1. Could you work out the local net charge near residue 158, counting Lys and Arg as +1, Asp and Glu as -1, over the other residues with Cβ closer than 15 Å to its Cβ?
2. State the Cα centre-to-centre distance between segment 155-233 and segment 69-127 in whole Å.
3. Which GluC sites (Glu not before Pro) does segment 6-66 hold that lie in a coil by DSSP with at most 16 other beta carbons within 10 Å?
4. A 28 angstrom limit on the alpha carbon distance is what I want to check against. Which of 34/267; 219/295; 82/279 exceed it?
5. Relative to the longest principal Cα axis of the chain, at what angle does helix 110-121 sit, 0 to 90 degrees, rounded to 10?
6. Sticking to Cα atoms, compute the Rg of the chain to one decimal and its Dmax as the biggest Cα-Cα distance, whole number, in Å.
7. Loop-only trypsin sites (Lys or Arg not before Pro) in segment 1-104, please: DSSP not H, G, I, E or B, and at most 15 other Cβ atoms within 10 Å.
8. Can you give the charge dipole size of segment 91-202 about its Cα centre, rounded to the nearest 20 debye, using +1 on the beta carbon of Lys and Arg and -1 on the beta carbon of Asp and Glu?
Amino acid sequence: MIRIGIDIGGTGIQVGVVSEDYAILSEGSIPTRKDLPFEEQVRQIADCVMSTTAASGYSIDEIESVGVGIPGIASKSGEIIKCTNMGWSHVPFREVFSRYLDKPVYIDNDANVAALAESVIGNSAGTSSSVFITIGTGIGSGIILNGKIWSGAHHIGGELGHVIFDLDGVPCTCGNHGCLERYCSATALIRMAREAVREHPDSMMLSLAGQDPARIEAKTVIDAARAGDALAVSVYGRYTDFLAQAVASVINLLDPEIIVLGGGVSKAGDFLLNPVLQKYPRYVLFNDQLLTPVKLAVLGSEAGIIGAAMLS
Ligand SMILES: [Zn+2]
């Protein structure tokens, strides 16, 4: 038997045929078309599932289930409650999808499914509780308790990125101010660097960006900090302080067995992990106890497909 994992993203929708031992057998993708009516979007996704399954050499009959990871929230009944990237609000995804393919369909948040994948075959494998934090344009997070996704009593939990750090802080895309992701995401690191170079135009960050602050990326800051540029070291130090506070907040609230960091910024590897490991204990209340392991994610972008296929 095989399972289908679907990863719905802002620019593209990835479909994967996943084996019983969680290997991706074949992959397909279609562009995200927010402009199309909902029924047509679902039909195109179902078409992609059919063609990707055919490419794997398996038949439709051998599909056990279909899992969907969305940048949004869904109910257990298969209704997608909110998925802004697709322009979906209270849409009956499972019902419409089953017109094309009559298989069990499970839907969950994309960070939650990535957390699930890491907890089964990634760096949190073998633990019963873990928190996965994905550090990219925003901050996503997924909580695994007793081997299962915990998305809360109303499916709206696990949103670490919108825990408020500073009531009068930086405006967030969600409409509030001072959300954690405004300080811990790649976007935050870029903003902090662009602000800093205004006062210090001699920074290596600016020369790496061709003297154009708009071209400073997260990698620019990390590269300059690695090279020892004083301003980059200072900006990056402040950034890893915020990240350490985020990790400590998770520990103070949930005390999971392990915390896993993924997403684009985690590609910095030990250069990200080491300062976080060094700094977070000072923000943990009971820090004379055994310290919580923090590790980097081992699954890359395929975590979205594999984790979605694991949904049941
Ligand atoms: Zn927010």
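The values are calculated or read from the model by the stated rules, or taken from the named source; none is laboratory data. Model, not experiment: these values are computed from the prediction. Cβ: placed from backbone, ideal geometry, glycine included. Neighbour counts: every protein chain shown. Note: accessible area is taken over every heavy atom of the protein model, side chains too, but ligands, DNA and RNA are not part of it. Shrake-Rupley method; radii C 1.70, N 1.55, O 1.52, S 1.80 Å.
1. My count for the surroundings of residue 158 gives -3.
2. The two parts, judged by their Cα centres, are 30 Å apart.
3. For GluC sites (Glu not before Pro) across segment 6-66 that sit outside H, G, I, E and B with at most 16 neighbouring Cβ atoms in 10 Å, the list reads 20.
4. Pairs exceeding the cut-off: 34/267; 82/279.
5. For helix 110-121, the angle is close to 90 degrees.
6. 20.4, 63
7. Listed in order of number, the matching sites are 33, 34, 76, 99.
8. About 320 debye.
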